1. Considering only residues that are surrounded by fewer than 19 Cβ atoms within 10 Å (Cβ to Cβ), among the charged types (D, E, K, R) and in contact with a Cys (Cβ under 6 Å, 6 or more places away or on another chain), which ones fall in segment 110-148?
2. Restricting to segment 68-95, name every residue that is in contact with a Pro (Cβ under 6 Å, 6 or more places away or on another chain) and assigned to a loop (DSSP other than H, G, I, E, B).
3. Of the residues C318, C323, C348, only one is assigned to a strand (DSSP E or B) and either at pLDDT below 85 or surrounded by 14 or more Cβ atoms within 10 Å (Cβ to Cβ) (or both); which?
4. Taking the condition in contact with a His (Cβ under 8 Å, 6 or more places away or on another chain), within 30 Å of T76 (Cβ to Cβ) and surrounded by 10 or more Cβ atoms within 10 Å (Cβ to Cβ), does V30 pass?
5. Considering segment 225-252 alone, what residues qualify as being loosely packed, with under 15 Cβ neighbours inside 10 Å and assigned to a loop (DSSP other than H, G, I, E, B)?
6. Out of the residues in segment 82-109 meeting the condition of being more than 36 Å from the chain's Cα centre (by Cα) and farther than 15 Å from R156 by Cβ, tell me which one is modelled with the highest pLDDT.
7. Return only the number of the condition from (1) surrounded by 14 or more Cβ atoms within 10 Å (Cβ to Cβ); (2) in contact with a strand residue (DSSP E or B) (Cβ under 7 Å, 6 or more places away or on another chain) that H214 does not satisfy.
8. Scan segment 44-79 residue by residue and report those that are aliphatic (A, V, I, L, M) and over 14 Å from R157 (Cα atoms).
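The values are calculated or read from the model by the stated rules, or taken from the named source; none is laboratory data. Note that the structure is a prediction, hence the values are computed from the model and not measured. Don't worry about glycine lacking a Cβ; one is built from the backbone with ideal geometry, like all the others, and counts go over all protein chains shown.
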Amino acid sequence: MMGHCQIYNFGHAGRENFTGKQADVQLKCVPVRPGQHVLVTLKTVPNYCKAVRMQRYVVPECSHKDIRDKISECITGKLNYTVDKARREITVKVSDAPLNTDYNLRLCRKRSVICTGEGTHRMVKTEDLQRSITFQYSKALPCLCIEGWPARVDARRVQACPFRNDLEELWSGITYDPNKEELIWEPLCPIKASVSLCHADSENHCRDLGDVIHSEGQKVIFSSVDPHPMLCTKFTTEMGTWIKCPFNKGNFSVWSTKLKSKHGQRWAEIVSWVKANFSVSLCETKPFSPCKPTERITTQTLVDKMRHTTFNLSSGACEMCICIQVQRVDVQFSVPVLQCDLECSNWCRDPERSYYGKFEKIIVPAVVFLTLLLAAAFITRMTIKDGSKRTLWKKLSERDSDTCLDTK
């Protein structure tokens with residue numbers, strides 16, 4: 001700690017005037033820095049009866065309105081910027097910078113207090129401070145900031161983060177390790193989020209699978225995951241919920257199931273590129289309702305690597321609108337796969353389409369009949385105007401003669 005000592009002497013005359021009275025002592029100017037802690041000590045020399053008075057003070061930070069624009073050490077300049085998302089460019093212009101001082105500019109990723117540099121660092125000369133500087137960026141991350149500071153030792157820095165409310169890019173950092181069967185999400189910025197896996201069983205619904213992992217910027221790992229286009233990752237923050245399905249593009253699945261038929265015989269076939277255990281069950285499907293499991297067949301089977309396993313189906317599967325549901329059970333996270341294409345001649349081949357087909361067979365003829373009826377009624381009421389009279393348009397005979405029009 002740096003000490004500044006000042007001594008005040010009271011002469012003989014002064015001692016008599018101040019005896020028993022309070023004396024105000026005003027210190028001279030003491031150099032301090034913003035945010036510095038100052039300890040002021042007052043004692044006599046020589047020290048009588050160990051009489052000491054002490055007081056602590058804290059110098060305001062540069063953020064204080066009374067000093068931030070007045071003390072040269074606190075002046076950092078202001079950053080004005082525009083963003084071109086199409087070109088992925090940020091254009092920056094510095095204002096209110098310290099006089100006669102060069103200026104530093106860069107992009108950085110802010111993690112807690114530290115902002116790690118990213119991309120090109122620019123040194124702007126004093127005479128060029130009126131010019132704009134353009135930076136390229138790769139992703140619009142909420143922690144991507146513009147950082148500027150005067151080119152002097154220990155200069156304070158100012159930051160502006162153009163995408164601080166844009167979280168969409170954070171959910172793109174999902175990777176999958178096929179050897180370890182691990183799904184990994186490593187956040188590109190510090191953020192508090194709850195992460196879980198879910199089954200996207202409809203357009204607007206994703207059913208949770210297993211527990212939720214809470215992250216405050218740490219890497220999230222889900223072990224024992226079976227990749228499938230309908231297996232998705234759900235992210236929840238205080239600003240909303242996002243669902244991303246990393247396997248819906250590309251061929252990530254390590255197994256497949258198909259329904260085949262020949263000479264009236266139908267069977268299900270499972271082919272796996274890894275050694276895996278599967279659950280195979282039957283379920284009955286109906287229009288506008290999920291597939292309801294039946295107790296007729298529910299079995300587990302082990303499929304060796306690069307092998308296929310078949311399950312024969314009875315002819316009654318078509319009559320009862322049966323589907324095959326297959327799910328991998330040797331992993332912690334998997335989704336069921338439903339196969340309903342039994343190549344049947346009745347409506348069970350496509351329950352929803354067949355339901356509409358039956359509906360159309362009843363409604364369409366009724367609509368046509370009603371239209372013809374209304375048209376006939378309208379024609380019989382038509383009149384033709386001839387001069388000032390109106391007569392009905394009638395067919396008077398079935399002979400080859402022309403239709404007559406009575407105008408009497």
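1. E118
2. I75 - this is the single residue of segment 68-95 that is in contact with a Pro (Cβ under 6 Å, 6 or more places away or on another chain) and assigned to a loop (DSSP other than H, G, I, E, B).
3. Details: C318 fails: assigned to a strand (DSSP E or B); C348 fails: assigned to a strand (DSSP E or B).
When all the criteria are applied, what remains is C323.
4. Taking the combined requirement at face value, the residue satisfies it.
5. Correct list: E238, M239, N248, K249, G250, N251.
6. Ranking the candidates gives D102 first.
7. (1)
8. Scanning segment 44-79 gives V45, A51, V52, M54, V58, V59, I67, I71.
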